[in-house]
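The values are calculated or read from the model by the stated rules, or taken from the named source; none is laboratory data. Since the structure is predicted, the reported quantities are computational estimates derived from the model, not experimental observations. Ideal geometry is used to build each Cβ from the backbone, glycine not excepted, and the neighbour counts take in all protein chains shown.
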DNA sequence: CGATAATCTACAAAAACTATAGGATAAACG
DNA sequence: CGTTTATCCTATAGTTTTTGTAGATTATCG
């Protein structure tokens with residue numbers, strides 16, 4: 001299942017992209033427009049900022065804004081930051097590889113074999129989509 | 001992330017398929033061979049049986065065995081039973097559709113748009129793989 | 001300065017996952 | 001029969017992850 005964190009994060013990014021301008025948008029405005037708990041959204045926007053997707057401005061007239069063009073924001077990187085590894089198993093992860101304790105030979109592991117294909121197909125989708133592609 | 005339940009369930013199915021015969025295989029043997037907690041595996045095999053993948057036999061010489069040919073067991077059905085819906089969001093699920101509370105218009109939702117593609121690509125992988133394909 | 005809005009840490013509630021316990025049931029076998 | 005074997009079944013406990021909430025702090029604007 002997709003976490004609410006990812007869902008809300010994606011919606012927030014989409015909203016910021018759809019606004020068009022680079023003017024800061026307040027958390028409250030995003031939260032209200034997308035029906036998200038403001039405090040929860042707050043923490044999500046914070047991680048998006050720390051990972052280079054958003055800029056922020058404090059105080060009156062402050063808020064969050066996109067740092068890059070929507071068509072430069074790949075879903076691969078967004079998903080990795082919000083949802084974590086794209087692979088469903090660490091042993092097929094490109095960026096977060098880890099060997100399974102229980103598995104003596106990855107080459108013969110059915111789970112490995114299947115999840116490798118799932119990872120590749122998901123990766124292709126995320127690579128083909130930028131934030132710009134998700135705006136209707 | 002793939003749950004351990006799914007991982008272990010897949011491994012158990014693979015093991016039963018690789019054995020080849022339709023002779024019952026004891027839980028203990030599967031658990032030992034695949035490095036799985038026996039008691040946990042027990043509950044997993046039970047749900048696989050209840051969902052029509054396995055047959056079982058009690059008492060001496062008992063155990064679990066495949067009911068169908070490995071090439072007739074599609075990963076779509078295995079994954080749905082073990083892991084749940086293939087879609088990452090209920091609003092793009094074929095078998096478990098549910099509308100989002102927070103989303104006024106699915107057609108305009110960026111999450112919906114992206115997850116629809118992810119579902120389709122995952123579905124294609126699962127449809128192309130039977131249990132027989134996962135045996136090396 | 002006073003109001004506004006993001007920042008940050010810590011923590012709490014809820015849900016999901018990963019098992020474990022222990023008896024019930026059924027089959028095989030002598 | 002009765003004993004042994006192995007699955008069946010329910011309940012529950014422990015852990016981790018998710019989903020938030022609280023409250024004080026810091027920066028900015030006018």
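Scanning region B:27-60 for residues that are closer than 28 Å to residue A:105 by Cβ, more than 10 Å from DNA strand D (Cβ to nearest atom) and under 13 Å from the mean Cα position of the chain (by Cα) gives B:44, B:53. Is it true that residue B:17 is over 30 Å from residue A:32 (Cβ atoms), touching a strand residue (DSSP E or B) at 6+ places or on another chain (Cβ under 7 Å), surrounded by 14 or more Cβ atoms within 10 Å (Cβ to Cβ) and within 14 Å of another protein chain (Cβ to nearest Cβ)? Yes, satisfied.
Can you work out which of the residues in region A:34-51 that are more than 7 Å from DNA strand C (Cβ to nearest atom) and under 19 Å from residue A:23 (Cβ atoms) is farthest from the other protein chains (Cβ to nearest Cβ)? Among residues in region A:34-51 that are more than 7 Å from DNA strand C (Cβ to nearest atom) and under 19 Å from residue A:23 (Cβ atoms), the one farthest from the other protein chains (Cβ to nearest Cβ) is A:48. The set of residues in region B:1-26 being in a loop (DSSP other than H, G, I, E, B), more than 20 Å from residue B:136 (Cα to Cα) and more than 10 Å from DNA strand D (Cβ to nearest atom) consists of B:2, B:3, B:23. Test residue B:14 against the criterion of being closer than 30 Å to residue A:4 by Cβ, away from DNA strand C (no atom under 12 Å from the Cβ) and in contact (Cβ under 8 Å) with a residue 12 or more places away in the chain, and give yes or no. Criteria not met by residue B:14.
Condition check ((1) in contact with a helix residue (DSSP H, G or I) (Cβ under 8 Å, 6 or more places away or on another chain); (2) closer than 25 Å to residue A:91 by Cβ; (3) at pLDDT 95 or above; (4) within 12 Å of DNA strand C (Cβ to nearest atom)) across all residues:
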| residue | (1), (2), (3), (4) |
| --- | --- |
| B:2 | yes, yes, yes, yes |
| B:28 | yes, no, yes, no |
| B:53 | yes, yes, yes, no |
| B:61 | no, no, yes, yes |
| B:69 | yes, no, yes, no |
| B:77 | no, yes, yes, no |
| B:83 | yes, yes, yes, yes |
